[in-house]
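Comments concern the structure below.
Just so you know, all these numbers are worked out from the coordinates, no wet-lab data involved. Everything numeric here is computed off the predicted structure, so don't read it as measured data. Counting neighbours? That spans all protein chains shown, and the Cβs are built from the backbone with ideal geometry, glycine included.
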């Protein structure tokens, strides 16, 4: 089995992170913003795993598990909030939800 | 003492009467309280009766007490009466104590005696005034505070009376308060004397911190024991107390308030601003003379201030046309004589002149009040004339007063006292004595001019036909009594009453006659000059440019206006904007501004927040990378 060089894994992670960030910044629907956040979290997780493999340490995978649980909790709360917002305001457009303006 | 036996011998009171000393001060206070509290329901005649009667009763009691005191107490001894402890805090034990000695006996008699005569006059003079009750209430209160001042055995109590008479002076100068000018004159008097009073308080503190007591005889005894002559605390205390005396007695450089104080009713000018209150400074220095003798430099300054003041005020009196302002400047000048006498330590001479001055100056003011009434409120002597035939009592009073003021020899009281002062300062010896003598002589010449110039202009010359109110008997009676006193008052041998001449005064008795003759000649020459000026029809004595300087009182008012009043008003205007408050307001405004700026970043847009977070992250990570590369 050929090993994948750590560089490649990190490039992939960076690309994923950039994609996710772009999604967070440009998407209008909060649902897609949430999904883009998941992508960013996974990019970080990939970087941890790649790092762990590079240095032969288990810490990277431990961190990944932590990120996974975080992501699960985030999705659970995030989706619940989305539902509540939808029920209350009737839209999921992030640009129109600006009631907290100072 | 012979004269006292003839004057008071018939009274022969029991010694117990002295125990009623406190009642002398309490009577005018009772009069004040009655008028202030219940005066509303009293008829007009009763107000006058209470106002005059309380002081007249005090005068009667004062005479009896004085007779008892003089027969039972030798000179140099004193009668103390402790009423009650007043303040007790730490080392400070101020006591409400009265102290009657020869000095305060003289003052007490002058205050109550002349005071009741002036109040009787005022009952006629103020008869048609709306503020009749207020007037007598204030006057009684004044007499009370003045008695507290002179009878106080404790310096703090003396200060209470000192401030009290200042308050009454303020209230009575501004008595006709509807005219804003009178209010301004009252404030000016109050503030100018306040400057002196601040010095008095400071001097009191120096004395108390240095000697640990406020009881006057104890204080003087300790000062003489503990402070060597010319030591710093003695000089400081004497200098500060001199400041107080200068303010109250309208001497240089605080003399500016007295001419304006003539805005008050004429009886007020007679009682407060001629006979009694303004001489309080003389009394203070006389009372604390042992302290001043510990500071010879300050004592020399006292003499110099007196001499300068008497000359400048006499000169300023030449340029006045308001009859009351002439008298005001003459008061400043005559008090200058007394202060000058104190400068060589001659208490008896100063007190002698104080007494005769109280007689003739009160008389002059009362006569001036009669003149002002006769001309329907006119004050300018250039618009008066020919009064002597129509108002013989007023004329006799003014003539006697002016003659006494100008020290016409032998027949007037003023001659004996002024002569004693001028010979005493000469006998003090040295260049200083000769300079003071010269000032006194020159002053006597000027006094002759300024005291007879109004006399000629008011009572002689063209007669005016439109005369108005004639002073009634109630006003004529005090004038007649004071006329007698102004002429024969010299027979009351005040120096003997005080227990003999001071050493410095006694020295003059053996002195040459020539200097005395020169003084007498100077006074008579002054009268002659005034007559020539009048006979040749000159309204003013001085050439034009000198006249101007004299008329404005040598420009002291302008000087103080420029140096003190204007900067002070500018400061108040500046403070009115409240710069400190401005700074705090600026702080608040900065906070509000920052708040607005910060809250503007809270757009409520998710995209905005995310971008900002990203940008921040990029910047932080970028900076860290940059630093990592560099190191």
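Annotations for the structure displayed:
- Whole-number D in µm² s⁻¹ for segment B:171-211, Kirkwood Cα-pair radius fed into Stokes-Einstein, 4 °C, 1.567 mPa s: 111
- Straightening the chain between residue B:198 and residue B:594 buys 137.7 nm, computed as 0.36 nm per residue apart minus the Cα-Cα spacing.
- Residues in segment B:368-384 reached by a label modelled at residue B:463 [backbone nitrogen below 16 Å; 7 Å Cα→Cβ]: B:375, B:384
- Applying the Kirkwood pairwise sum to the alpha-carbon positions of segment B:532-631 produces a hydrodynamic radius of 22.0 angstrom.
- For chain B, the mean residue ellipticity at 222 nm estimated from helices alone is -23500 deg cm²/dmol, where every DSSP H run of n ≥ 4 contributes -39500 (n - 2.57) and the total is divided by all residues, rounded to the nearest 500.
- Its convex hull of Cα atoms gives segment B:289-394 a direction-averaged projected area, equal to a quarter of the hull surface, of 7.3 nm².
- The Cα-based radius of gyration and maximum Cα-Cα distance (Dmax) for segment B:295-551 are 18.0, 59 Å.
- Treating r as the C-beta distance of residue B:631 and residue B:578 and R0 as 45 Å, the FRET efficiency rounds to 0.25.
- In chain A, the longest principal axis of the Cα atoms and the axis of helix A:59-89 are about 10 degrees apart.
- Of the two radii for segment B:241-345, the radius of gyration is 0.99 times the Kirkwood radius, both from the alpha carbons; that is the Rg over Rh value.
- To the nearest ten degrees, helix B:323-343 and the longest principal axis of the Cα atoms of chain B are 90 degrees apart.
- Shape category assigned to segment B:53-105 from the gyration tensor of Cα positions, a/c cut at 1.5: oblate
- Normalised by the number of residues in chain A, the mean separation of alpha-carbon contacts (under 8 Å, six or more apart) gives a relative contact order of 27 percent.
- Fluctuation leader among A:46, A:34, A:65 - chain A, Gaussian network, Cα springs under 10 angstrom: A:65
- Rg ratio (alpha-carbon, reference 2.2 N^0.38 Å) - chain B: 1.20
- Sites residue B:382 and residue B:558, calculated FRET efficiency, Cβ-Cβ separation with R0 35 Å, nearest 0.05: 0.90
- Net length gained if the chain between residue B:128 and residue B:41 were fully extended (0.36 nm per residue, minus Cα distance): 29.5 nm
- Spacing of the two label points (7 Å from each Cα toward its C-beta) at residue B:570 and residue B:621, in nm: 6.6
- As a size descriptor, the averaged projected area of the C-alpha convex hull of chain A was calculated at 8.0 nm².
- Tilt relative to chain B, helix B:132-151 - C-alpha long axis, 0 to 90 degrees, to 10: 90
- Across chain B, the mean sequence separation of Cα contacts (distance under 8 Å, 6 or more residues apart), normalised by length, yields a relative contact order of 12 percent.
- Based on Cα contacts under 8 Å between residues 6+ apart, segment B:295-551 shows a relative contact order of 29 percent.
- Restricting the calculation to Cα atoms, segment B:413-495 yields a radius of gyration followed by a Dmax of 18.2, 56 Å.
- Least to most buried among B:163, B:585 (fewest other Cβ within 10 Å first): B:585, B:163
- Whole-angstrom gap from segment B:517-569 to segment B:82-148, using each part's C-alpha centre: 34
- Förster radius 41 Å - calculated FRET efficiency between residue B:293 and residue B:167, Cβ distance, rounded to 0.05: 0.80
- Using the alpha-carbon positions of the protein assembly as shown, Rg (one decimal) and Dmax (whole number) come out as 43.8, 149 Å.
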